[in-house]
Structure formats: C-alpha cells, structure tokens
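Below is one structure; the comments refer to it alone.
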Amino acid sequence: MSDIADRVKKIVVEHLGVEEDKVVESASFIDDLGADSLDTVELVMAFEEEFGIEIPDDAAETIQTVGDAVTFIKGAV
Amino acid sequence: MFDLTGKTALVTGASGGIGGAIAQALHGAGATVALSGTREGPLGELAAGLGERAHVVPANLSDPEAAARLVKDAAGAMGSVDILVNNAGITRDNLFMRMSDDEWAQVLEVNLSSVFRLSRAALRGMMKARWGRIVSITSVVGATGNPGQGNYAAAKAGLVGMSKSLAYEVASRGITVNCVAPGFIETPMTDSLTDDQKDRILGQIPTGRMGRPDEIAAAVLYLASPEAGYVTGATLHVNGGMAMV
C-alpha cells in the first residue's frame with residue numbers, strides 16, 4: 001500500500017518540480033505545492049496512466065491533497 | 001521553412017476543396033496526415049495521391065460520439081495527433097425568420113460543438129507532448145455577418161471566442177490555438193453561386209478575384225509550424241481585403 005503513496009509522490013515531485021519533503025499527505029496541490037488548475041488536470045491524467053484507472057471528473061474535483069489522491073487510488077486499483 | 005517532419009496532423013473535412021488543400025500542404029511539409037470526412041471515396045483518392053504518410057479516418061461529425069472516436073482512430077493510425085485542423089463545416093442557409101430549429105442545430109453541432117469535442121479529445125496528447133497546434137477554419141462571415149447565414153455566422157464567430165479561451169488555458173504547455181478565416185474561395189461550395197452573385201461578390205473584394213484553396217492552406221501551414229509558436233488566440237484573415245478586421 002505504501003507503494004501507491006510512493007508512486008503518487010514521485011509523480012507529484014516530477015510534475016510540479018517541488019521538493020520531495022514538501023509532498024506530504026496533507027499538502028494541497030494548489031495551496032501548498034504551487035499547482036494551477038491545469039496542473040491538477042494533468043496530475044489526474046498522470047495518475048490514471050500510472051495506475052491504469054479512470055478517475056471521473058466529479059471524483060477528480062475532490063482530489064485536493066496528496067492524501068486525497070492516495071486514498072482515491074487505493075480504492076480504485 | 002515550415003518543416004513538419006515527424007509531426008502528425010488530423011484534418012477534418014478533408015474531402016472538401018479547402019480541406020484537401022490543407023492536407024496536401026501539411027503533407028508536403030513532411031507531416032503524417034489523417035484525412036477525415038464523411039465521403040470515403042474522395043478521401044481514399046486524396047490519400048492515394050499523397051502516397052506514404054497518409055491515412056483515411058472517416059467520421060460523421062453530426063454524431064456527438066464521433067469526435068472522441070475520431071481522435072482515437074487518428075492517434076491509433078499515426079501514433080499521436082500533434083496538429084488538429086478543424087475544417088469540416090456545413091451550411092444550411094435560410095432567412096432568419098424562416099430558419100428551422102433543425103437548420104440552426106445542425107450547423108451549430110457540426111461547425112462548433114464538434115470542434116469543441118475534437119479539441120478536447122486531442123488536448124490530452126498535446127499536453128503530454130508539451131506541443132500542439134489547433135487551427136480552426138472559420139469564415140469572413142463570422143466577423144461581418146451575412147444575410148441568410150445566421151446559423152453559420154454564429155458558429156464561426158463562436159469558434160473565435162472558443163479558440164481564444166482555450167488559447168489562454170494551454171499556452172503555457174506549448175499548445176497554440178488559432179483560426180483562419182477565409183473569404184470567398186473557389187470551391188464546389190462557391191461554384192454553385194450564379195454569375196450575378198459572383199459579380200456582386202467580386203465587386204467587394206479589393207484583389208478582384210476569389211481566393212484559392214492553397215492560399216488558405218498556406219495560412220494553416222504557417223500556424224501549424226514551429227515558427228508560429230508565439231502566435232496564439234489569433235485569427236488570420238485570408239480574404240483578398242474583403243474585410244479588413
């Protein structure tokens with residue numbers, strides 16, 4: 001399970017170009033990690049590809065933090 | 001100049017006069033092209049004439065499901081869609097007071113809504129590639145209006161506003177979104193005009209002639225090129241001076 005969290009963090013670090021230690025579960029993509037709204041769309045796309053899942057738009061809107069993403073993906077894979 | 005080697009382009013309405021010329025121009029610059037339209041016969045002939053790097057991907061864009069499928073088909077055939085040329089369009093002319101809901105809806109569906117769906121579907125790959133070109137063919141009447149074409153002019157003007165909005169959203173990802181607005185071009189669509197109508201039109205065109213499809217294609221080729229990377233949200237008017245907007 002921690003494998004999923006690690007993979008999510010890796011994607012976030014690569015995509016947003018932020019320090020790894022800032023990518024904690026409670027970190028908000030927009031408020032804490034400097035993402036804009038288009039970045040969040042791209043992150044969702046990247047998660048979909050990495051984990052081979054579909055994240056519907058209404059679910060994507062609820063994914064605000066790193067922890068949200070990990071929780072959603074754990075439930076979806 | 002304008003080398004598209006290694007790029008892939010989807011052209012809708014490629015069985016028409018302007019679409020065919022656009023496909024030829026992009027292909028001539030080295031791009032791999034996917035030719036879309038409703039009539040497979042002319043598409044096949046065009047592809048055969050182009051030779052290698054040409055694929056036929058038929059679609060009827062009056063079907064809302066068709067757009068996403070078309071982008072998928074084109075990406076399947078070419079590996080990606082780097083350049084999307086939204087050229088497909090229809091007319092259902094009628095005086096405004098006589099225009100039916102159907103005539104309005106059909107033109108808006110094919111000329112505007114399908115472009116929204118095609119662009120949305122193509123963006124995913126362009127975002128990942130950090131490079132993309134969306135060029136939509138509008139019309140001079142989108143800027144000037146035209147009696148009998150309330151539906152067509154609305155759709156074409158709508159494309160301009162849509163393209164500008166999208167251009168804002170994706171500019172930071174290396175994707176440009178532009179329009180080319182032809183004036184009167186020699187195609188089967190304008191062949192059906194009477195001599196009297198043609199004379200009246202020519203009287204309003206400073207260059208004194210109709211445009212050629214390859215003159216539209218040249219504008220599309222420029223906007224699709226790496227050289228036009230700093231041009232986005234623009235409409236390039238190619239109308240012989242008929243409307244200087």
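Does A:VAL41 count as part of a helix (DSSP H, G or I), touching a helix residue (DSSP H, G or I) at 6+ places or on another chain (Cβ under 8 Å) and within 19 Å of B:ALA121 (Cβ to Cβ)?
yes
Results for (1) surrounded by fewer than 23 Cβ atoms within 10 Å (Cβ to Cβ); (2) of a type outside the set (Ser, Thr, Tyr); (3) within 29 Å of B:GLY183 (Cβ to Cβ), shown as yes or no for each residue.
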| position | (1), (2), (3) |
| --- | --- |
| B:SER15 | no, no, yes |
| B:GLY28 | yes, yes, yes |
| B:GLY37 | no, yes, yes |
| B:GLY51 | yes, yes, no |
| B:VAL56 | yes, yes, no |
| B:ASN60 | yes, yes, yes |
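Please count how many residues of the stretch A:26-60 are among the hydroxyl-bearing types (Ser, Thr, Tyr), more than 14 Å from chain B (Cβ to nearest Cβ) and open to solvent by less than 70 Å² (accessible area, probe 1.4 Å).
1
From (1) more than 19 Å from the chain's Cα centre (by Cα); (2) open to solvent by 10 Å² or more (accessible area, probe 1.4 Å), pick out the condition that doesn't hold for B:VAL170.
The single condition B:VAL170 does not satisfy is (2).
Out of all the residues in the stretch B:3-33, which are more than 14 Å from B:ARG133 (Cβ to Cβ) and hydrophobic (A, V, I, L, M, F, W, C)?
Across the stretch B:3-33, the qualifying residues are B:ALA14, B:ILE18, B:ALA21, B:ALA23.
Of the numbered conditions (1) at negative phi; (2) in contact (Cβ under 8 Å) with a residue 24 or more places away in the chain; (3) within 14 Å of chain A (Cβ to nearest Cβ), B:GLY174 satisfies every one except a single condition; which is it?
Evaluating B:GLY174 over (1) at negative phi; (2) in contact (Cβ under 8 Å) with a residue 24 or more places away in the chain; (3) within 14 Å of chain A (Cβ to nearest Cβ) leaves (1) as the failure.
Can you name the number of the only condition in (1) touching a residue at least 60 places away in the same chain (Cβ under 8 Å); (2) crowded, with 18+ Cβ neighbours inside 10 Å; (3) in a helix (DSSP H, G or I) that B:VAL135 fails?
Only one criterion in (1) touching a residue at least 60 places away in the same chain (Cβ under 8 Å); (2) crowded, with 18+ Cβ neighbours inside 10 Å; (3) in a helix (DSSP H, G or I) is unmet by B:VAL135, namely (3).
Just for the stretch B:18-34: of the residues that are out of contact with any strand residue (DSSP E or B) (no Cβ under 7 Å at 6 or more places or on another chain) and among the small types (Gly, Ala, Ser), which one is farthest from B:SER139 (Cα to Cα)?
Once the filter is applied, the top-ranked residue is B:GLY30.
So which residues in the stretch B:213-245 are open to solvent by 60 Å² or more (accessible area, probe 1.4 Å) and closer than 17 Å to B:MET1 by Cβ?
B:ASP214, B:TYR222, B:PRO226, B:GLU227, B:TYR230, B:LEU236
Could you check, for the stretch B:69-81, whether at least one of its residues is among the acidic types (Asp, Glu) and in contact with a helix residue (DSSP H, G or I) (Cβ under 9 Å, 6 or more places away or on another chain)?
The answer is no; no qualifying residue exists.
Go through the stretch B:64-129 and tell me which helices (runs of 4 or more DSSP H), entirely inside it, have 3 or more residues that are in contact with a strand residue (DSSP E or B) (Cβ under 6 Å, 6 or more places away or on another chain) and touching a residue at least 12 places away in the same chain (Cβ under 8 Å).
B:66-78, B:114-129
Pull out all pairs, ordered by first then second residue, where Cβ-Cβ is under 8 Å, the residues are six or more apart or on different chains, the first lies in the stretch B:188-202 and is without any contact (Cβ under 8 Å) to a residue 24 or more places away in the chain, and the second is exposed (fewer than 14 other Cβ atoms within 10 Å of the Cβ).
Qualifying pairs under 8 Å: B:LEU202/B:GLY208; B:LEU202/B:ARG209.
The values are calculated or read from the model by the stated rules, or taken from the named source; none is laboratory data. All of these numbers come straight from a predicted model, not from anything done at the bench. Don't worry about glycine lacking a Cβ; one is built from the backbone with ideal geometry, like all the others, and counts go over all protein chains shown. Quick note on the areas: whole protein, heavy atoms, side chains included, nothing else; ligands and nucleic acids left out. Shrake-Rupley method; radii C 1.70, N 1.55, O 1.52, S 1.80 Å.
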